[in-house]
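In what follows, a single structure is set out as structure tokens and then discussed.
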Amino acid sequence: MRTRHSDTGGFTLIEVMIVVVIIGILASIGYPAYQNHVENSRRTDGHSALMQQAQRLERCYTAQQAYTDNGELCVELGDSDGGYYALSADNVTRTTFTLEAVPQGVHAGDACGTLTLDQAGRRGADGDVENCW
């Protein structure tokens with residue numbers, strides 16, 4: 001003989017709500033950490049671009065004993081490889097330079113703001129330099 005089960009074997013509303021709450025808690029912890037990781041990886045694009053341009057300027061200085069060529073910077077500046085920063089130069093003389101990486105596009109609201117690097121290797125940022133570099 002067959003026995004009938006009155007239990008259908010589904011989930012109760014309470015069980016489903018507990019799962020939803022747990023997912024919400026995990027998402028509230030995980031999403032900010034993910035956003036922080038994305039910001040840091042984009043910032044690395046700016047660091048890399050500044051270091052590459054500084055290295056090119058140092059090669060120019062080694063060859064010409066100046067960071068400029070007829071009053072112009074020895075390298076061409078543009079956007080970083082990832083496109084998150086626009087590169088520019090300030091305070092350019094025969095013996096000094098300051099490179100700047102200004103965040104742009106989706107990265108324009110970065111807390112570190114403009115990153116800088118000079119001929120002596122001094123790093124700077126609009127935000128906390130220790131956390132930005």
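Readers should treat all values here as calculations from the given coordinates under stated rules, not as data from a laboratory. None of these values were measured; they are calculated from a predicted model. Neighbour counts run over all protein chains shown; Cβ positions are idealised from the backbone, glycine included.
If you take the beta carbon distance between Glu72 and Asn36 as r and set R0 to 25 Å, what does 1/(1 + (r/R0)^6) give as a FRET efficiency, to the nearest 0.05? E between Glu72 and Asn36, to the nearest 0.05, is 0.05.
The length gained on full extension between Thr12 and Gln52, counted as 0.36 nm times the residue separation minus their Cα-Cα distance, comes to 8.5 nm. Think of it as helices only: each DSSP H run of n ≥ 4 in the chain is worth -39500 (n - 2.57), and spread over all residues that comes to -15000 deg cm²/dmol at 222 nm. For the chain, every Cys residue has a second cysteine's beta carbon closer than 4.7 Å. Shape analysis of the chain yields a ratio of the Cα radius of gyration to the Kirkwood radius, Rg/Rh, of 1.44. Put the Cα centre of segment 56-133 next to the Cα centre of segment 7-30 and the gap is 50 Å.
The calculated FRET efficiency for Thr96 paired with Asp128, based on their beta-carbon distance and R0 = 35 Å, is about 0.90. Ordered by the number of other Cβ atoms lying within 10 Å of each residue's own Cβ, fewest first, Met51, Met17 fall into the sequence Met17, Met51.
Each of the peptides 53-60, 35-42, 110-117 was scored by the mean count of other Cβ atoms within 10 Å over its residues; in descending order, highest first, they stand as 110-117, 53-60, 35-42. For chymotrypsin sites (Phe, Trp or Tyr not before Pro), the sites in segment 1-106 that DSSP calls loop and that have at most 12 other Cβ atoms within 10 Å are Phe11.
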